[in-house]
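Take a look at the structure below.
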Amino acid sequence: MLTRRQMLLATGAAAIPVCTRVFGADDVRPTDIFQAGERPKDFRLGAPKTLNGYFPFAVPKTKEEWLKRREVVREQTLVSHGLWPMPEKTKLEPTIHGKIERDGYTVEKVFFASTPGHYVTGSLYRPNGDEKKSQKYPAILCPHGHWKEGRLYENGEAAAKNEIKTGAEKTLEGAMYPLQARCQMLARMGFVVFFYDMIGYADSTAIPHIAKSGVPHPDGFADAEGELRLQSLMGLQTWNSIRALDFVESLPEVDPKRIGITGASGGGTQTFVLTAIDDRVTAAFPAVMVSTAMQGGCICENCSLFRVGTGNIELAAVFAPKPMAMSGAKDWTEEIETKGYPELKQLWKLLGKEENVLAKAFTQFGHNYNQVAREMMYGWFNKHLLGNDKAVEELPFKPVPPAELRVFDDKHPRPKDELKSKLLRAKLTEASDAQIAKLLPTDKASALKYQGVLKVALRAMIADELPDDIQQHRKPTVLEMDGFVLSHALVGRKGEADAVPVALVFGPKSGRGRMLLWLHPKGKASLLDGKKLVPAAKSLIEAGFAIVAPDVLGTGELTPAKPFAVSEIYAGFTYGYNRPLFAERVHDVLTTIALAKSVMKPESLHLVGWGEFGPIAIVARAAAGGAVDKLIADANHFQFADLKKPTDPMMLPGALKYGDLPAFAALGAPGKTAIFNADFAEKNPATRTYAALGQPKSLEVKTAKMTEAEVAAWLTAE
């Protein structure tokens, strides 16, 4: 038998400072083996992060670092909004009618289909100039926030007079119709302005925005299928913004190289989200929304995966170095000048355009987009889109009675093909499934393209990738017993407050050759039956494997005192800021893989997923790239499509959109893989991808169960 030190040297573990405890076979206690001492201090065992957390932005040190990070944030935004890959842009076929003449501008009524069966409605403001003017106008998109009736908002006269008294407004019409005030002034400055409805507001009523009780409407997008397909009110609203941009760009008088966007509150969220994903925007002004504090309180400002590891400051930063200014008020944005803006200014400076970012908090006013803030915005667009660096004072105007701004009338009725939520979602599902089906591989080139699309999606879905920054939180404990050695460590990521308990087991024949990552619902305790290794583990150790087994989140030492809480109102309020439990478990597997690769340095690394953790192993292998040589996993007859509740611990938002479990298995190609207890269709993404890459025999999919002995035999076979 090898000595303990020889065993340590065989796996490379001797390079780690250890605290050695040697026990005889008769006095080994399970608690001595599987407890590292005090309870792991892992932040995930506490309460989840919420939209009211703190979201600072750390500026990368180099331009190259930022460009890499920018791409990750941008792709995460697209995936979370259900826009990866970008859906097909069908014909808008806009209807523009009902021109209203005003001093220096006109207002028209607009509706168009952003996707078949769903319509964007709004008001189109145009400068009332020479129709034959050869010089084109810049354009401004104006999404609104949560004003009552949105585009049709009308403030009471008494409240309006109070606004004038406080200095927030200068004219009664501006105080009563602040949203119209913004649009008319921009049009008189020389902009084409499209002021469009949020879903559930004004004329966009086919799908409700939010119920009066403050919970998502039952006709909304708050169910398990919505999560699994990344269908959300926020995603649809963002798609409407993209199509609104398509609309203004299609107008013959608009200069497509000069397009801005501005909105306040929820409209501010829409503003910086569009700037993060669409390069056509050239200047922006999100008002009273960008901050390190509250991130947006409505379901239209939240969706799963969106702000995991990021926040509104960094999301706004994606627009750099283009011109962006923002206003704050006596609300969650009141500290923007000292928290957020200095970092944004540092980033814009890094990119050589420090003068292109500005923030000003008007803390004498509450949450608003009043005349003081509007005039700041006019000056910003005047400078960056009109080339005139002068202050602009808002002019008095004649408001249009809200009833006259209604888009639909007897001559222009609501479209007969307009769909309610259920039917629209079915159409969106059909279109998305067809889009993914077109990507399914038929040859090597298409297989690599397909895998590329899935890799981006998966990275966003788990908000993670294989790390290279593993650290150990304490010296490992090493124990000898019954012919094998067990080392217990506590590891995590640098920069994260996670702590994953890991057990390493090896025997006399274990060397640097083969290592097995053992993933089990019972964690590392599943390696033992009393004081002995379970038969499968023992046979693998005797075959020369070293085994590393983690307690992933929710198992073993990482079992929380209370169940993991997911918002019952809308899962996006939780999954929008925290990895789902499924993704956290994948995160811990990736941490363990990185530990094995960087510290033990095996010649080959295999992964086995037992029972209900088989699907987690499949997804983890997909996320690890080529780091795992062989995978064998129990699919456990699991399909994401079977999940009925967003709160299910197996929930992984987006999993169904991209093809369910077989799609993640496809990302393992061409690595050797065996999946049993599987309910895969005969022609599934995995078998197609392996075949397209010329390695069909490297994938085995079995509907039957495999015994532990059969699993061990498969792993030990060459």
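Sorted fewest first by neighbouring Cβ atoms within 10 angstrom, 39, 585 come out as 39, 585. Sequence-distant contacts, meaning Cα pairs under 8 Å at least 6 residues apart, place the relative contact order of the chain at 17 percent. Computed as a quarter of the hull surface, the mean projected area of the alpha carbon convex hull for the chain stands at 32.8 nm². Annotation: the residues 298, 142, sorted from fewest to most other C-beta atoms within 10 Å of their own C-beta, follow the order 298, 142. Couplings 3J(HN,Hα) for region 409-423, derived from phi with the Karplus relation 6.51 cos²θ - 1.76 cosθ + 1.60 (θ = phi - 60°), are 8, 4, 7, 10, x, 4, x, 5, 8, 5, 10, 6, 4, 4, 6 Hz, where x marks Gly and Pro.
Using the Karplus relation 6.51 cos²θ - 1.76 cosθ + 1.60 with θ = phi - 60°, the per-residue 3J(HN,Hα) values for region 300-307 come to 7, 10, 9, 8, 4, 6, 4, 10 Hz, with x marking Gly and Pro. Projected label points at residue 403 and residue 443, each 7 Å from Cα along the beta carbon direction, are separated by 6.5 nanometres. Relative contact order, whole percent, for region 68-400 stands at 18, derived from Cα pairs under 8 Å and 6 or more residues apart. Fully extending the segment from residue 695 to residue 433, taken as 0.36 nm per residue of separation minus the present Cα-Cα distance, adds 91.7 nm. Taking a sphere under 14 Å around the Cβ of residue 149 and counting the other residues whose Cβ falls inside, with K and R at +1 and D and E at -1, yields a net charge of -1.
Helix 157-166 and the long axis of the chain differ in direction by around 80°, with both axes built from C-alpha atoms. In this label model, residue 349 and residue 330 are separated by 3.2 nm, measuring between points 7 Å along each Cα→Cβ vector. Angle of helix 233-250 to the longest C-alpha principal axis of the chain, folded into 0 to 90 degrees and rounded to 10: 50°. For region 363-397, the list of trypsin sites (Lys or Arg not before Pro) that fall in a loop by DSSP and count at most 13 other C-beta atoms within 10 angstrom reads 390. Length gained on full extension, residue 39 to residue 90: 12.8 nm, using 0.36 nm per residue less the C-alpha separation. Taking packing as the residue-averaged number of other Cβ atoms within 10 angstrom, the listed peptides 538-547, 478-487 run from highest to lowest as 538-547, 478-487.
In the structure shown, the pairs 257/383; 322/383; 61/349; 494/562; 509/538 are assessed against 18 Å; a Cα-Cα span above that value is assigned to 494/562. Cβ-to-Cβ counts within 10 Å put 598, 265, 304 in ascending order as 598, 265, 304, the fewest first.
Taking amide H atoms as placed 1.01 Å from N in the peptide plane, the amide H of residue 328 lies under 5 Å from those of 288, 360, 361, 362, each 5 or more residues away in sequence or on another chain.
Applying 0.36 nm per residue to the separation of residue 390 and residue 158 and subtracting their alpha-carbon distance, the gain on full extension is 80.2 nm. Cβ-Cβ distance of residue 225 and residue 532, R₀ of 56 Å, FRET efficiency by 1/(1 + (r/R0)^6): the value works out to about 0.75. Relative to the globular-protein estimate of 2.2 N^0.38 Å, the Cα radius of gyration of region 68-400 stands at 0.93. Placing dummy labels 7 Å off each Cα toward the beta-carbon, the span from residue 101 to residue 708 is 8.8 nm. Over 29 Å between Cα atoms: which of 449/597; 339/475; 449/672; 444/644 fall into that group? Those over the limit are 339/475; 444/644.
Readers should treat all values here as calculations from the given coordinates under stated rules, not as data from a laboratory. Source: prediction; values computed, not measured. Reconstructed Cβ throughout: ideal geometry from the backbone, glycine too, with neighbour counts over all protein chains shown.
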